[in-house]
Amino acid sequence: MTNVGILGFQGSVVEHKDMLEKIKEVKPIIVKYKEDIEKIDGLILPGGESTTIGKLLMEFNLKDIIIDKIKRGMPVWGTCAGMILLAKDIVNDNIIHLGVMNITIRRNGYGSQLNSFITESSVKEVSPKDIPLVFIRAPYIERVGRNVKIIKKYKDKIVAAKENNMLATSFHPELTEDISFHRYFVDMIKDSKR
Ligand code: GLN
């Protein structure tokens, strides 16, 4: 069994859980307390509101333990607000949350005109066919540091990237029917256990 944690404070928690349940030999575990962290092989940080989730990480004393686990190699995947939590640098915010991934991001990067949209596009790293990409007041990545692999650019903006055990997407695969990204993350976890 692969135990995949989902940070359970706020945002699209249930949607990630539903996706993981479609994958054989994967058990989703909602994470809220320190004890939960010991049970998991990888962690999803869902979308929602990064300021709120960041505050709750502190209040529940989870911040340091999650940073430590990630630094020791635990696979982590941040979607949307989750990506903001991972970033070492945010151009339009003073608060850095987990600050583990070598990416510079812009919150609400698509502004108010086009703040939410859905498109279909190819992400060769995860699927041979085009997949739906759902952006909701999404951030994008302005710059990546060394060791960061760009997984997807959409209209010249970086919207998915990977650095060792860390995966970040601007968009929300859990709000689609396409399971490629969840499979990809589960494979990252399996590889890390080898
Ligand atoms: N705009 C939100 C933030 O800055 C992220 C939106 C989302 O996760 N869908 O935290």
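Since every read-out is calculated from the coordinates, none of them should be taken as a lab result. Computed from a prediction, not measured in an experiment: that's the story for all the values here. Every residue, glycine among them, receives a Cβ derived from its backbone with ideal geometry; neighbour counts consider all protein chains shown.
Structure notes:
- With Rh defined as the Kirkwood radius, the inverse of the mean 1/r over Cα pairs, the Rg/Rh of segment 35-115 is 0.98.
- Cross-link partners of Lys149 among lysines (Cα-Cα below 24 Å; sequence separation of 8 or more within a chain): Lys69, Lys71, Lys88, Lys124, Lys129, Lys157, Lys162, Lys190, Lys193
- Per residue convex hull volume, Cα atoms of segment 1-68, in Å³: 67
- Where N is the number of residues in the chain, Cα Rg divided by 2.2 N^0.38 Å: 0.93
- Packing here is the average count of other Cβ atoms within 10 Å per residue, and on that basis the peptides 14-24, 141-151, highest first, run 14-24, 141-151.
- In Hz, Karplus ³J(HN,Hα) per residue of segment 22-29 (6.51, -1.76, 1.60; θ = phi - 60°; x = Gly, Pro): 7, 9, 4, 6, 10, 10, x, 10
- Candidate aspartates and glutamates - alpha carbon under 15 Å from Lys22, same-chain residues fewer than 8 apart omitted: Glu174, Glu177, Asp178, Asp187
- Put simply, when 27-35, 117-125 are sorted by average Cβ atoms within 10 angstrom per residue, most first, you get 27-35, 117-125.
- Calculated P(r) tail over 20 Å for segment 114-194, as whole % of Cα pairs: 31
- In segment 63-102 the Cα-Cα distances spread across 10 Å bins starting at 0 as 31, 58, 11 percent of all pairs.
- Each part gets one Cα centre, and for segment 1-67 versus segment 122-140 those centres are 21 Å apart.
- Mean residue ellipticity, 222 nm, helices only, the chain: the sum of -39500 (n - 2.57) across DSSP H runs of n ≥ 4, divided by residue count and rounded to 500, is -7500 deg cm²/dmol.
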